Amino acid sequence: MKKFLFLFLVFLALLSGCSNSNEQVQEQEEPDKETQEEKTQEKEEKTEQESFDNIYPLTGIGTNDSVNNRIIGVMVNNHPKARPQTGLSQADIVFEILAEGMITRFLALYQSKIPNVVGPVRSAREYYFELADDYNALYVYHGAADFVDEMIINRGIDSLNGSIFDNDGHLFKRETFRNAPHNSYVLLESAYDVAERKGYESTVEYEPLPFLANADSVKLSGEPAQHIEVIYSEKYSFANVEFIYNEKEQKYMRYSNGEKSVELETEIPIQVENVFIIETDHKVIDDVGRREIDLTSGGDAYLIRKGIVQKVTWENRNGRIIPVKNGEFIGFVPGKTWVNVIPTLPGLEQSVIISD
C-alpha cells in the first residue's frame, strides 16, 4: 500500500511538471510572437520614415528639407603643404584634376551640407571654372592669372574671388599656421549672402544625377575592387592617390601618398560611396605647365561602388560627367562621389591599379 501511494505521488509530480513545462513553452511562444509583430511594425515604420519629399541632386540621399540652395564649387589646394584640408569630407562631389606639374587640385561641390570653413582655397583654371559653370555652381577661388580672370568676367561666370575679399573676415580669412599661398580659407556659409549682394542666384532647381533606387538590395556586376591606386606620377609619390574599401560601412576611404585623408581639425576621414575614374586628353599649353583638359568629348572610365569595379564610358551630358554603358546611364550609389580625372596617355590601364 505504501509502495502504491509512493508511485501515485511520483505520477502526480511528473504530471504537474509536464503541465508547468507546457505553460513555460506557451509563455515563451507568446513573447516570440510579440517580438515578430514588433519587428514587422518597426520595418513598416522604417519604410514610412524612408519616404522623403526630396532628394539631394548630387548625392541621391532623401530629405524632407528644401534642396534648392545653389551648388557652391570651391577650388581646394592639394599641395602637400596644404594637407590635411578642411571641409573636404562634407563635399557632395570632388573632382580631382591635374593643375601644373604633377600636383592635382580639387573642385569640391557643396550642396547637401555647407561647412563653416573650406580650404585652403587656391587659384582658378579654365577647365575648373567651366566645370563649375556646367553644374550651375557658384565658383569660389583665390586669385588667377590675369587672362583667366578676364575669361571668368567675359564669360559671365558667377564667381567669388578671394583676391578681392582677401582676409576680410566675412568671406575669406588667412590662417597663421600656414604660409601663403596655402593659408586662404573661405567661410562658406557667407557665400550666399555675398553672392546675392553681387546679384547672383542663391537658389536653383536641379535635376538629380542618376542613382540606384534600391542600392542596398542591388547586386552589382563587375570585378572585386577593394583597393584602388591612381598613379599621377611614377616619380613623385606625393601626387598619387589610394582608395581602400570599408566593407562594414560600404565606403571607400581616401589616401594621399599613403596617408589617410582626414579633416584638419577633427581628423574625420574622407570617405565616399562612389569612385569614378575617367581618362581624357590633357595638353600642356605654356612654359609654366598650364593645361587644357577635355571634359566634353567623353572616353573610357571605371565606376567603383560597393567593392565592385565596372568598366564604363563617361559622357558630358548637359554639363554633367555621367557614367554610361551601352548608351544607358549607370546609377551612382546614393552618397558622396570622388572623380579622378587622368590623362589618356598613359590612360586607365597604366595609371590605375585595382585589386581585391
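The values are calculated or read from the model by the stated rules, or taken from the named source; none is laboratory data. Fair warning: this is a prediction, and the values are worked out from it, not measured in the lab. Note that each Cβ is placed from the backbone with ideal geometry, even for glycine, and that neighbours are counted across all protein chains shown.
Things worth noting here:
- Which listed residue, of Val186, Val140, is touching a Leu at 6+ places or on another chain (Cβ under 7 Å), surrounded by 14 or more Cβ atoms within 10 Å (Cβ to Cβ), hydrophobic (A, V, I, L, M, F, W, C) and more than 22 Å from Arg320 (Cβ to Cβ): Val186
- Subset of region 223-248 that is at pLDDT 95 or above, under 18 Å from Arg83 (Cα atoms) and of a type in the set (Phe, Trp, Tyr) - its residue that is nearest to the chain's Cα centre (by Cα): Phe243
- Considering the conditions (1) buried (at least 16 other Cβ atoms within 10 Å of the Cβ); (2) touching a helix residue (DSSP H, G or I) at 6+ places or on another chain (Cβ under 9 Å); (3) hydrophobic (A, V, I, L, M, F, W, C), Ala225 is excluded by exactly one of them, (2).
- Candidates Arg305, Arg317: the one that is surrounded by 18 or more Cβ atoms within 10 Å (Cβ to Cβ) and within 22 Å of the chain's Cα centre (by Cα) is Arg305.
- Residue satisfying all of: in region 143-155; β-branched (Val, Ile, Thr) and touching a helix residue (DSSP H, G or I) at 6+ places or on another chain (Cβ under 7 Å); surrounded by the most Cβ atoms within 10 Å (Cβ to Cβ) among these: Ile152
- Within region 273-280, the presence of a residue that is surrounded by fewer than 20 Cβ atoms within 10 Å (Cβ to Cβ), charged (D, E, K, R) and in contact with an Asp or Glu (Cβ under 9 Å, 6 or more places away or on another chain) is excluded.
- Scan of region 215-253 for residues that are of a type outside the set (A, V, I, L, M, F, W, C), within 13 Å of Lys306 (Cα to Cα) and free of Cβ contacts under 8 Å to residues at least 12 places away in the same chain, ordered by number: Asp216, Ser217, Lys219, Lys248
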